[in-house]
1. How many nm is it between the label spots at A314 and R88, if each spot is 7 Å from the Cα in line with the beta carbon?
2. How much net charge surrounds F290 when only other residues with a Cβ under 12 Å from its Cβ are counted (Lys, Arg +1; Asp, Glu -1)?
3. Find how much the distance from V8 to A348 grows on full extension, using 0.36 nm per residue of separation minus their present alpha carbon separation; answer in nm with one decimal.
4. Where Lys and Arg each count +1 and Asp and Glu each count -1, what net charge lies around N54 among other residues with Cβ under 15 Å from its Cβ?
5. Once both axes come from the Cα atoms, what is the angle between helix 127-141 and the longest principal axis of the chain, in degrees from 0 to 90, rounded to 10?
6. For a label point 7 angstrom out from the Cα of Q46 toward its Cβ, which stretches of region 153-190 have the backbone nitrogen within less than 20 Å?
7. By per-residue mean of other Cβ atoms within 10 Å, what is the highest-first order of 315-322, 118-125?
8. Please identify every one of the trypsin sites (Lys or Arg not before Pro) in region 154-221 that sits in a loop by DSSP and has no more than 13 other beta carbons within 10 Å of its own beta carbon.
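The values are calculated or read from the model by the stated rules, or taken from the named source; none is laboratory data. Just so it is clear, the structure is predicted and the values come from calculations on it, not from any experiment. Counting neighbours? That spans all protein chains shown, and the Cβs are built from the backbone with ideal geometry, glycine included. Surface areas here come from the heavy atoms of the whole protein model, side chains and all, with no ligands, DNA or RNA. Shrake-Rupley method; radii C 1.70, N 1.55, O 1.52, S 1.80 Å.
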Amino acid sequence: RLMKIGIVVKQMKTVETLRSATVICTDKTGTLTENVPTLQTIITNQPWTEDFANTLILGYFTATSDASHTAQAIEKHITASFGGTIVRSIPFSSTRKFGSATLLLDGTEHVCVVGAPDILVKHIRNQNQREWTEELINTLSRQAKRLLLLTTSHGPVDEHLTNCSLEPIALYVLENPLRSGTEEIIQYFQSRGVSIRVISGDNAGTAQAIAIAAGIKHTDLVITGPEMDLWDEDAYKERVPAYHVFARIKPEQKERIIETLKKTGFTAMVGDGANDALALKKADLGIAMFDGAGATRSVAQVVLMDNSFGSLPAGVNLADSIITNIELVASVFFNKVTVGLLMFVSLAVLGFNYPVSTRNITLISYCTIGLPILYWTLWPAKSFSDAQSRSFLRKILPYSVIQGTLTTIGSGQSLTLATSSLYTGTTG
């Protein structure tokens, strides 16, 4: 049944844990939004031209062998070509949020630095250029745009941009639209009392705008990875549960956030990228997209074959139904146990022999337990109780004890009447 709705589970217990989550952490790109972005516009900084910017960024992609969805989206929409020479390069890193390439064009050396605008803007020394970049970041991030900044450096570049002076060349504006039905899925989980947290490596404004568009609650406060680097262990325990949007988060920070949230309740993590693997492994339940990185699929307990967050509600409903059937069967079974125990005690006190033989018990079990199990297997009952409302025993014991007591009283009365009739007939 799970396979029919596009969900693969690696362990049988996962069926139960699907409905147990009280916290769901989700990546932004590829989970809440489509995985493949589209290039919307290129904003150049005067006096640079768009053709010059495109030539540089193509050279950077070639030098760093960047085959990401972002690179593909940009290459798809530009017609320029790179005919220069590659001198050296520093590949893009999700930890640094930038990459670099030194290119030789027409005898002139250009040191390109490409990455997250809010990371690179700190190294723009010219006041006017920095303000131009910051204004674009603030405006476009609130519109949930994904931004990539192309800059050149006046001097060599290292992995920490030590003493670098950058000049913005162009800002590439991309968009990852929300996946179809995301708002309904978020509403479904929040109606069950599940807390949704967005953990993203993107800009804070973009992550917040996507969270708001998806209908996630409590998105008024956003915390970033650099801010969290200043926290100690006590601060993590106290502050992490208060935030629902985490931006500019490194892979190791994702893992630490998940570890902290697990102390507040059963925590699931949904992701698709290699940088989500640590968090998925740490979570109580890891959920990966089929088209995501192999590392995420290998550590996840659940794989969504259609790459859609939208199949989860159907999986949770099925898990609810399975647990409900287990509760129904357990109630019936404990009812039989209760009847047997109460009848044995009451009849022993009254001096009667136990009237039911082993053969009788077997026949009763076929009718009271076997047939219901067969029925609920073929036609599962739909869930009619909140997943987190009560414990297992508190759900099944009231029915078992009350019904068992009533059955015992009725059976005892029948036995008393039958015995009295038999005694009266014998005496006569």
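1. Label-label distance for A314 and R88, simple model: 5.4 nm.
2. Numbers: positive: R297; negative: D272, D291, D306.
In short, -2.
3. On the way: separation 340, 0.36 × 340 = 122.40 nm, distance 5.31 nm.
Using 0.36 nm per residue and subtracting the Cα-Cα distance, I get 117.1 nm.
4. Details: positive: K76; negative: E50, D51, D66, E75.
After counting each charged neighbour, the total is -3.
5. 30
6. So the set is 167-172.
7. Highest-to-lowest ranking by the protection proxy: 315-322, 118-125.
8. Working: sites: R179, R192, R197, K217; in loops: R179, R192, K217.
Loop-located and lightly packed - K217.
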